[in-house]
Amino acid sequence: MKLLLATRNRNKVIEMQQALEGTGWQVVMLSDVKGAPEVKEDGATFEENALKKARSAAQVSGLWTLAEDSGLEIDALGGEPGVRSARYAGEGVTDGERIRKVLGQLVSVRDEQRTARFRCVMCVIDPAGGERCFEGRCEGRIAHNAGGSSGFGYDPVFIPEGHEKTFAELGFAVKGKISHRARALQQVIDYLGKVQGLRPADPGIT
Ligand code: ITT
């Protein structure tokens, strides 16, 4: 069975593809789907944006489709950048510029007040239009300086709970087990496993 990954973020694709290996689902990229429109991510929640991305790609492709919306919530900034994580500091800016903005706003914030979490909501749409969403979270804190070169986005400033290094320093071996994306994806994989299990009894599932 084919599963369309409805994301244009190559780093997300890498993380999701690795986890989906061996599940029996054949991954299809959004770049392989003709006419997949750009989605305006103007929802107020991760779920709204994830559903928007999943619905538009599912409609064009007719395939089982997985999309996600994710971001970093920093308590000292009232939950910012949150759903605006990709657009924080403006459109078309680099990860480095977004990180500089975050660190700049936290200059005078002490360790114990630098708590934060990554959140990821993944939505799966089936060809009959059924929708299921799953959320993964990873608690942690914001470092005082950027460190490490693995991963993407805010990884160089996020220290997950129980660790003293950033995701970018810890690398994928650790991130792939405990991240918000890994936790959401595990629930998706469990759900897709049940779908596969139902298949012989339900010829309607393609
Ligand atoms: P798609 O919408 O095409 O999936 P995107 O990069 O626009 O890709 P989002 O709208 O979900 O994705 O934005 C999420 C942003 O949150 C992302 O660009 C990063 O800045 C940040 N982010 C999400 N997950 C992250 C992670 O695992 N590590 C570091 N930063 C992350």
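Overview of values
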{"quantity": "Flag for Glu91 being within 29 Å of Leu4 (Cα to Cα), more than 9 Å from the ligand (Cβ to nearest atom) and either surrounded by fewer than 16 Cβ atoms within 10 Å (Cβ to Cβ) or β-branched (Val, Ile, Thr) (or both)", "calculated": "yes"}
{"quantity": "Flag if Leu170 is in contact with a strand residue (DSSP E or B) (Cβ under 9 Å, 6 or more places away or on another chain), modelled with pLDDT of 95 or more, within 16 Å of the ligand (Cβ to nearest atom) and farther than 16 Å from Ala19 by Cβ", "calculated": "yes"}
{"quantity": "Residue match in segment 115-122 (condition: more than 12 Å from the ligand (Cβ to nearest atom) and touching a helix residue (DSSP H, G or I) at 6+ places or on another chain (Cβ under 9 Å))", "calculated": "yes"}
{"quantity": "Count of segment 97-128 residues which are of a type outside the set (A, V, I, L, M) and touching a residue at least 40 places away in the same chain (Cβ under 8 Å)", "calculated": "10"}
{"quantity": "Boolean, Gly96 is at pLDDT below 95 and more than 17 Å from Ala182 (Cα to Cα)", "calculated": "no"}
{"quantity": "Test: residue in segment 53-70 that is closer than 30 Å to Val109 by Cα, of a type outside the set (Asp, Glu) and within 15 Å of the ligand (Cβ to nearest atom)", "calculated": "yes"}
{"quantity": "Residue satisfying all of: in segment 113-143; of a type in the set (Gly, Ala, Ser) and surrounded by fewer than 19 Cβ atoms within 10 Å (Cβ to Cβ); farthest from the chain's Cα centre (by Cα) among these", "calculated": "Ala128"}
{"quantity": "Subset tally (residues that are closer than 22 Å to Ala86 by Cβ and either near the ligand (Cβ under 10 Å from one of its atoms) or surrounded by 15 or more Cβ atoms within 10 Å (Cβ to Cβ) (or both)) for segment 8-28", "calculated": "9"}
{"quantity": "Residue selected from segment 144-167 under the condition within 21 Å of Gly79 (Cα to Cα) and more than 13 Å from the ligand (Cβ to nearest atom), by the criterion surrounded by the fewest Cβ atoms within 10 Å (Cβ to Cβ)", "calculated": "Asn145"}
{"quantity": "Selection from segment 1-43 of residues that are among the small types (Gly, Ala, Ser) and under 16 Å from the mean Cα position of the chain (by Cα)", "calculated": "Ala6, Ala19, Gly43"}
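The values are calculated or read from the model by the stated rules, or taken from the named source; none is laboratory data. All of these numbers come straight from a predicted model, not from anything done at the bench. Reconstructed Cβ throughout: ideal geometry from the backbone, glycine too, with neighbour counts over all protein chains shown.
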